[in-house]
Structures are given as structure tokens and as C-alpha cells.
Amino acid sequence: MKRNAMLILVIVIIFLVASGFLSLYFYKETETVSNFLVGDKHTAILEQVSKQESINEKLDKISNEKKYTFNDAYVEVNPYEISPLSGIIIFNTSKEEEVNVYINDVFATTMESNTKHIIPIFGLKENFDNQIKLVMGENEKVYSMPTKASNLEYPLTVNYRSEVLNNEEIYFTVASYSTYLSGWDSFGNLRFYLTVDNRMDVEWLDNGHFLIGTSQGQFAENFVSFVEMDYLGKIYNYYVPSNGYSFEFQSLSDGLVMLAGGKKPVYLEEQVIYTVNPSDGSTVNLINLSSLILAIDPEFDKNYLGQKAIRNAFYYNESTDELLVSFRGLDAIVSYNFKGNTLNWVFTNPSNELFQRDVWKNYLVTTKSNRYPLGQHSVFITQDGNIGIFNNGYDRLHGFENGGNDQVSSYAANYSSVDIYKINGRQANLVWQYDANKSLFSHQYGSIRETNYGYLMNFGYNLKDEYRNNALGLLSEAEANQDNIYAKIIEVDKNKNVLFEATSEEGKFRVFKNSMYKSVTSNPVISQLNIFENLEEDTLTETTYKEVDIEISSEWIYETNFTKNTFDTNYEILDSDELKLYFVNRNGKIYILDYKKKDSLNNKRIFNVNLPKDEYALYINLNDKIYKTNNVYKF
């Protein structure tokens, strides 16, 4: 019995010791794994999109609360936190009611009849106690919406305003330096602006929303994504299309959206125009502009088919299938058939060395006016069927960017203009021109839009007179900062009578004109936030922390910015570097993106990391040494 008792005691001791060791082992294992998810937490989705989900949930909950009534409504300024001159009013009624909305005593819109009222308020004045009057049947209620000063660095100064103008039509400007997208009434009062860097083209939709690009993954004027939003700053759809986005949108009658991009997004080796289905972001049709040029001329300088082409505008005529494309870098306008997948003609100076081979003789369009496209922007087809461009008057093909003359004083005779041509066969006749008496030289930027009155023109990057005549001044310096340029916005009727003229000390890429309200407005669908990702998914390799020594990683001392599609750091990635991104979850599983192979020239790239829903710590493997960024991303 004593021997059995002793044996049992030994077994118990051994069991307790083993259990202790096992507990310690599992504790250390758990502690090791949990230590991976230490650091600042972020979302892997673009921040301006990811923030919207919680705001939608809050406002949706408020809209279902019966305590908010016509006389005691929920009122909030800037509910989406990126559009300070907007607001929202929410309340419920026992039966369907129509509501008329007045903003500062000016009628704005009639809200559709409903029991749940979600009223978007646009076009508030800055630094002002805006008064919003609601009229529902015999009842009236006034709510206050005070706003803060915008403190925008570059206001719009109106020099002339015709009495024929409607002050509720807003002049929208897109700038890439400080103010981003902003809207101004005809008196120069700021009525809208975004505090996030969305930019390039703006395409207004029939539902009152608009499309605009994000600056995500920016390289030159090329981007990864775009959004559909309203003036509240509410995003309804976030698109990451297959071929990226740059410069231009066009909404087509069949509901598709046409946009410009590249065979690969952002870092453009070949230029494309394509259409996407807005219901899912998928690509429907695509035309490769570069390959069609090479099909005609295999010896064409391929350096001018990628990024150097600067394909900065297009316009599609649905009835004729003609697609006009502005290639600023080629000093040329090219006509294609989009669905026909053919090239029709090229409008450029006959001396352009890129088109000197005999194969181009039957494609070149000439003009007796001797005013050919030069560094042009903003091609479009007028209501009369003519072709209009903003002609910068700057020989981009031979500019300082390509080793040409950089002295501003050499361009004293250059001027920018809006040129409208009627093209018959291979002959372009100049039928309308506005050149501001040859006084404006916008070597960069510019746009033209047709309005109910005539034309809205944006001389977007004019050299100041004193600098233009400065023998020491350089175009490259003027392009690098705002000090020596200004934008001039001019609206004229077709007889060239000036209706509106304004200036800004900031360069403007494009200018548009649009009303913020329709006569009848629907309740915004607060819960809507669709994310459509159509980039090809990258293949990731998988391992665990047991196979990789990430526990002994060093601190990554450089900045890190990451989304599912982009990675940026202020570490200068060398051609000789190898770089991998490690995504480590709470269980210690590691997903590896091979970001940069040794000696490849692709030091920045666009990708699509699609991981299982979880949180992941980001580690970086640089030349087989592992670094922790102390950043955790939620997928």
C-alpha cells in the first residue's frame, strides 16, 4: 500500500509539473501571437470611404427614431465630416408629407412626399448663421445651421457678373494644390468645398450625385479609384476599376460610365479608354489607344504612347461612335471609333516629327488658319457638331520637359485660346475663337464647357505679366509653385460678350457650372455604401510566425501608408532592393505580398490584397531583414 501511495504521489507530481510547463508553454505561445497586433489601428480601405459606415449607421438609427418631429428635428452641419457647407435635417411624420426647403430665404427644392424625412442641405454660406426654413402644408419651421470660416488659401474674386446670370448656378473648380473641389456662386461666395483631396474631372449624374476621382495611389494625374457622392460628402459607391482612372469621365445614355486609364492602372505604359457598369464596376468595353497607333505605324516612338502621351481629355459621340482624344504630350487630337476599334484621323501640325512617316499621310487633318493644337486640353463636340479644344498655345512636345526652352521671356508672344473647328474630310476650318486679345498664356491646365449661354472657359494656369516678361523667369519654376501664376475664368455668350469673369491665385485644372438642387429632391439612401473592387487580385504566399522570425524584427523608422491597393513610404526603394509585405493575423498566420523583386524597375506598384476578414499587423521584409511598422490594418 505504501509503495502504491508513493507511486501515485510521484505520478501526481509529474502531472502537476508537466501541466505547469504546458501552461507556461501555451501562455508564451499566446503572448507571442498577441504581441503581433500591437500598434496604431487603421482600415485597409481608403479612409474617406471607411469613415462613412459608422456615420451611415448613426444617421440611419436617428431616422428611425420617432422622437424627431417637424418642430423638433435632428439637425447637424457637415454630417459626413468632409463637406463643411452642408447639413442634414431628419424627422418623422405620421403621414406622407411634402416639404419645401428655403435656405437663407431663397427657395432651394421640394422634398418628395414621405413619412421619414431626411433633408440634405447644400450651399450654405461660410462663417454664417444660415437659416433653413421648412414649409410643410400650413406649418413653417426655421432651423439654424451656423458654419465656420473655411480659411481657404485661394478664394475666387469675381471681376464681372452679368445680371442675366442665375446666382443659384454654381461655378465649380477643381484644383490640385490647396482647395481641391470647391463651388462658388456668381458673386464669388463660397458655397461648397471638400476637405479631402478628390480631383480631376467631375461628372454630374441624373440622380443629383456626381463622380469624382480620389487621389489614392496618385502618379502624375493617374489614380486607383473614384467615388459617386453627393454634396453632403456622402459616398454611395466606391469604385476600384480594372484599369485605373485619370483625367476624364463621361456618363453614357445606356447607364455605363466611360473613363480613361491604362492597360495597367496608374503607371501607364499603354493608354486605354473603357466603359464600366456602375452597378458592379465591371469593365464592359475597352479600346487600347496605343496599340491602334502602333497598328498603323509600328515604328512610332513608344515613349509617346505611355505616360508621356499625357492623354488628358476625351469626348465620345454616342450617335456616331466617334471618340475624340487629346494627347497633350503629342500636341495632337486623335479621332477613333470606340466600338469599331479603328483610328480615323489625327489633327496636329504637319511638321510634327512623330507623324512624318508616309503611313500618316491619309490620316492628317490640316487647317488654313495655321492654329494647330499645342499642349491642348479639354476636347469636346459642340451642340452644332463642331470640335472645340482649349488650346494652351504651348509646344509641349518640345517644351522644357523634353529639353526645350525654359525661359519665360521667350514665350512673350505665346497665347492660349478656345478654338472651335468644323472638320470636313481632312480639312479643319476655325469657326469660333476666344483668345482674350492674346493676353493670357496658360501653358498648363485649361478647360472649356458649353453652357446655356455660350461657353465657360478656364484659363487655368496663366503666367503673371511681370513674370512673363522676366528675363530670368523659368517655366519650370512657374510650374513648381503658385507664386507667378493665376487662373482666369470667363463665361461668354456665342457672340463673345462676357457674362462672368473671375480670378484666383491658384491654378485650376477644370471649371464646371451646375445647380446644387433639382426642383424635386429624393431622400438620400443613408444606408447605401457599395464597394466595387475590380482590380485583379494578387497571389499571396502563406506561412506562420513559427516559420518566420518576426518576433526579433527591427523597428521600421520610415513613414508607412497602406491601403488594399497602395503602399507608400518615405524610404527610397532602390532598384536593387527586394521588398515584401507581411500581413500577420492574431493567430500568427502570415500572408506575404511580393511587392518588389530585386533589380525590377517597378519601385511603386498597384495591387489588390484581399485577405480574410480580420485584423493584420503589417511587417516589411527588406532584403531579407524584417521590420515591424507598428501599424495594424482591419480588412
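The values are calculated or read from the model by the stated rules, or taken from the named source; none is laboratory data. Just so you know, these numbers come straight off a predicted model, no measurement behind them. In this analysis, Cβ positions are derived from the backbone assuming ideal geometry, glycine residues included, and neighbour counts consider all displayed protein chains. Calculation scope for accessible area: heavy atoms of the full protein, side chains included, ligands and nucleic acids excluded. Shrake-Rupley method; radii C 1.70, N 1.55, O 1.52, S 1.80 Å.
Out of the range 279-299, which residues are outside any helix (DSSP H, G or I) and surrounded by fewer than 18 Cβ atoms within 10 Å (Cβ to Cβ)?
Let us first name the residues in the range 279-299 that are outside any helix (DSSP H, G or I), namely 279-288, 297-299.
Result: Ser279, Asp280, Ser282, Thr283, Val284, Asn285, Leu286, Asp297, Pro298, Glu299.
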Flagged in the range 519-531 as β-branched (Val, Ile, Thr), closer than 26 Å to Ala44 by Cβ and surrounded by 14 or more Cβ atoms within 10 Å (Cβ to Cβ), in numbering order, are Ile526, Ile531
Please identify the pairs in which a residue from the range 271-290 that is farther than 11 Å from Leu259 by Cα has its Cβ atom under 7 Å from the Cβ atom of a residue that is assigned to a helix (DSSP H, G or I) and open to solvent by 10 Å² or more (accessible area, probe 1.4 Å), counting only partners at least 6 apart or on another chain. none
Looking across the range 319-344 at residues that are surrounded by 15 or more Cβ atoms within 10 Å (Cβ to Cβ) and of a type in the set (Ser, Thr, Tyr), the single one that is nearest to Arg396 (Cα to Cα) is Ser326
Report whether or not Ala220 is at positive phi and either surrounded by fewer than 21 Cβ atoms within 10 Å (Cβ to Cβ) or at pLDDT below 95 (or both). yes
What residue, of Leu456, Leu474, is surrounded by 15 or more Cβ atoms within 10 Å (Cβ to Cβ), under 28 Å from the mean Cα position of the chain (by Cα) and not basic (Lys, Arg)? Leu456
For the range 532-623, which fully contained strands (runs of 3 or more DSSP E) count at least 1 residues that are surrounded by 17 or more Cβ atoms within 10 Å (Cβ to Cβ), at pLDDT 95 or above and over 26 Å from the mean Cα position of the chain (by Cα)? 579-584, 589-596, 615-622
Trp184 fails exactly one of the following numbered conditions: (1) open to solvent by less than 30 Å² (accessible area, probe 1.4 Å); (2) modelled with pLDDT under 95. What is the number of that condition? (2)
If I ask for residues that are open to solvent by 40 Å² or more (accessible area, probe 1.4 Å) and either part of a strand (DSSP E or B) or closer than 14 Å to Asp297 by Cα (or both), which ones from the range 345-368 would you list? Glu353, Gln356, Arg357, Asp358, Val359, Lys361, Asn362, Tyr363, Thr366
Of the conditions (1) under 27 Å from Tyr453 (Cα atoms); (2) assigned to a loop (DSSP other than H, G, I, E, B); (3) touching a Lys or Arg at 6+ places or on another chain (Cβ under 7 Å), the single one that Ile170 does not satisfy is (2)
Would you check if Thr179 is within 19 Å of Ala149 (Cα to Cα), part of a loop (DSSP other than H, G, I, E, B) and open to solvent by less than 40 Å² (accessible area, probe 1.4 Å)? yes
Within the range 143-160, identify whether any single residue is in contact with a Ser or Thr (Cβ under 6 Å, 6 or more places away or on another chain), modelled with pLDDT under 95 and not in a loop (DSSP other than H, G, I, E, B), and answer yes or no. no
Answer yes if at least one residue in the range 115-129 is touching a Phe, Trp or Tyr at 6+ places or on another chain (Cβ under 9 Å), open to solvent by 30 Å² or more (accessible area, probe 1.4 Å) and in a strand (DSSP E or B), and no otherwise. yes
